[in-house]
Amino acid sequence: MGQAGCKGLSQALFDYKTEKYVIAKNKKVGLLYRLLQVSILTYLVVWVFLVKKGYQDTDTSLQSSIVTKVKGVTFTNTTELGERLWDVADYVIPPQGENVFFVITNLIVTPNQRQETCAESESIPDAWCYTDSDCPPGEPVVAGNGVKTGRCLRVGNMQRGTCEIFAWCPVESKSRPVKPLLGKAEDFTVYIKNFIRFPKFNFSKTNVLDTKDKAFLKSCQFGPKNPYCPIFRLGSMVSWTGSDFQKIAQQGGVIGIQIEWDCDLDKAPSECNPHYSFSRLDNTLSGNSISSGYNFRFARYYRDGAGVEFRTLMKAYGIRFDVMVNGKAGKFSIIPTIINIGSGVALMGAGAFFCDLVLIYLIKKSHFYRDKKYEEVRILQVLPGLAESSQQGGIPEAEEAEHPEAQPRGSSQKGNSCRYQQHLEPTRSSHLGNGKVHMEQLQNLRTAEA
């Protein structure tokens, strides 16, 4: 038994099984199946392969470097600063531009500050006082300019005053100018040089035209006809975000410069071009919100003839530019191609499964198609006598009925008579209690013998 089982298993290893298909002549389900096939095929060809380039291996680990330089000069004449010429060293912070740089457009200047005692600004609530006890000495003013000395300073007969502080005096007290100091900065230009590399494909490129003409960058300006001239006018970049330069120059703001590299490396390297977009990043949805705008303070320090230090404090409003670089590169690879084709084939199978559900469950004649698709097979019960005869090497009745020509008529009948007689005796004796059932079986056998 064990050898027979192993032999049957070894033979079964080389068997090939194929499916049996039932063709349903139903136009509605057939039309639905073809529509699903066309839809899946269209999705696979158009969206997966043409739009998303599913046949390519991609690299999104972009390595990038940014270098920025601002150019431009302007002249101002104010009470605090007098006549002054502004160049790049004055209005660009930090001086060596990277992916973030700031251009000053408006200023509040507080000149000649020295470290001494003076009254805190009335615009700071923590500095308000009525008595000296409201100004404990040594306590810093919250959101203020110095440390309290213990005195409450009042003007005239006013009951409320401000605390005296030790700070850089006089403190900043002027409001923001209505007209931007460097309103002509919209004509300044910025040079944005970008190097990129996709390490998976060892592909590198830059956004500057590959030329030996040294005058190219001094005369060109970015535009639709010059995508490889990275010289941008500040006023143009602000206008591309939908903002007015003079308004943003007054209170400051943040401009985002997005450089997108989408490279198809199956094409020539010249087809890999940068795409620029510009957006306003600070909050402008709520009008004059306290969160909109951009400013910070810095100071320039000096010493007088006696060696005493003093400074000029500047509260700078301006435009902060954030340069952001993103990109991906793709190149043909057999692995993603096979994976996406396999996904399409699996979707085809899902379409056939859906049509099967419609055919055997949802339409009117579903029971008819269900009976055709699923065939029930039952094991026939054989009489014990016939089973015993089969084990002893006898030929079952069903087999003789299928092959009556295997033996001559006379010998067949005679042999059958003897064989049936052998089967009837044990059947009659072993099933005596079930007389009715076995008598019917005996009668059927004799009929077959006749």
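The values are calculated or read from the model by the stated rules, or taken from the named source; none is laboratory data. In this text, all values refer to a predicted model and were calculated from it rather than measured experimentally. Cβ sites come from the backbone with ideal geometry, for glycine too, and all protein chains shown count toward neighbours. Side chains included, ligands, DNA and RNA excluded: accessible areas come from the protein's heavy atoms. Shrake-Rupley method; radii C 1.70, N 1.55, O 1.52, S 1.80 Å.
The figures follow:
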{"quantity": "Criterion violated by Gln96 - all others in (1) modelled with pLDDT under 90; (2) in contact with a helix residue (DSSP H, G or I) (Cβ under 9 Å, 6 or more places away or on another chain) satisfied", "calculated": "(2)"}
{"quantity": "Residues that are assigned to a loop (DSSP other than H, G, I, E, B) and more than 20 Å from Arg297 (Cα to Cα), drawn from region 80-100", "calculated": "Glu98, Asn99"}
{"quantity": "Selected residue (criterion: farthest from the chain's Cα centre (by Cα)) from residues of region 40-61 that are open to solvent by less than 40 Å² (accessible area, probe 1.4 Å) and closer than 16 Å to Leu265 by Cβ", "calculated": "Gln56"}
{"quantity": "Matching residues in region 92-114 - criterion: being over 25 Å from Val190 (Cα atoms) and open to solvent by 60 Å² or more (accessible area, probe 1.4 Å)", "calculated": "Asn112, Arg114"}
{"quantity": "Pair list, Cβ < 8 Å and 6+ apart or interchain, from region 6-17 residues that are on the phi > 0 side of the Ramachandran plot to residues that are surrounded by 10 or more Cβ atoms within 10 Å (Cβ to Cβ) and assigned to a loop (DSSP other than H, G, I, E, B)", "calculated": "none"}
{"quantity": "In region 115-128, the residues that are open to solvent by less than 10 Å² (accessible area, probe 1.4 Å) and either within 30 Å of Gln63 (Cβ to Cβ) or part of a loop (DSSP other than H, G, I, E, B) (or both)", "calculated": "Glu120"}
{"quantity": "Subset of region 245-265 (residues that are open to solvent by 10 Å² or more (accessible area, probe 1.4 Å), touching a strand residue (DSSP E or B) at 6+ places or on another chain (Cβ under 8 Å), under 20 Å from Lys179 (Cα atoms) and not β-branched (Val, Ile, Thr))", "calculated": "Gln250, Gln251"}
{"quantity": "Residue check for Leu153: closer than 30 Å to Ser65 by Cα, among the aliphatic types (A, V, I, L, M) and surrounded by fewer than 21 Cβ atoms within 10 Å (Cβ to Cβ)", "calculated": "no"}
{"quantity": "Residue in region 129-140 that is in contact with a Phe, Trp or Tyr (Cβ under 6 Å, 6 or more places away or on another chain), open to solvent by less than 90 Å² (accessible area, probe 1.4 Å) and under 22 Å from Arg311 (Cα atoms) present", "calculated": "no"}
{"quantity": "Hits in region 166-183 - residues which are surrounded by 14 or more Cβ atoms within 10 Å (Cβ to Cβ) and in a loop (DSSP other than H, G, I, E, B)", "calculated": "Pro170, Val171, Glu172, Arg176, Pro177, Pro180, Leu181, Leu182"}
{"quantity": "Test: residue in region 268-291 that is acidic (Asp, Glu) and loosely packed, with under 13 Cβ neighbours inside 10 Å", "calculated": "yes"}
{"quantity": "Subset tally (residues that are under 30 Å from Tyr55 (Cα atoms) and in contact (Cβ under 8 Å) with a residue 12 or more places away in the chain) for region 243-276", "calculated": "15"}
{"quantity": "Candidate set from region 222-244 (those that are open to solvent by less than 60 Å² (accessible area, probe 1.4 Å) and in a loop (DSSP other than H, G, I, E, B)); member that is nearest to Tyr294 (Cα to Cα)", "calculated": "Ser243"}
{"quantity": "Subset of region 180-215 [over 38 Å from the mean Cα position of the chain (by Cα), of a type outside the set (A, V, I, L, M) and modelled with pLDDT under 90]", "calculated": "Lys212, Asp213, Lys214"}
{"quantity": "Yes/no for Ser133 being of a type in the set (S, T, N, Q), at pLDDT 90 or above and touching a helix residue (DSSP H, G or I) at 6+ places or on another chain (Cβ under 9 Å)", "calculated": "no"}
{"quantity": "Single residue of Phe298, Phe321, Phe310 found to be among the aromatic types (Phe, Trp, Tyr), assigned to a strand (DSSP E or B) and within 32 Å of the chain's Cα centre (by Cα)", "calculated": "Phe321"}
{"quantity": "Residues within region 49-79 that are of a type outside the set (Ser, Thr, Tyr) and either in contact with a Ser or Thr (Cβ under 8 Å, 6 or more places away or on another chain) or in a strand (DSSP E or B) (or both), tallied", "calculated": "13"}
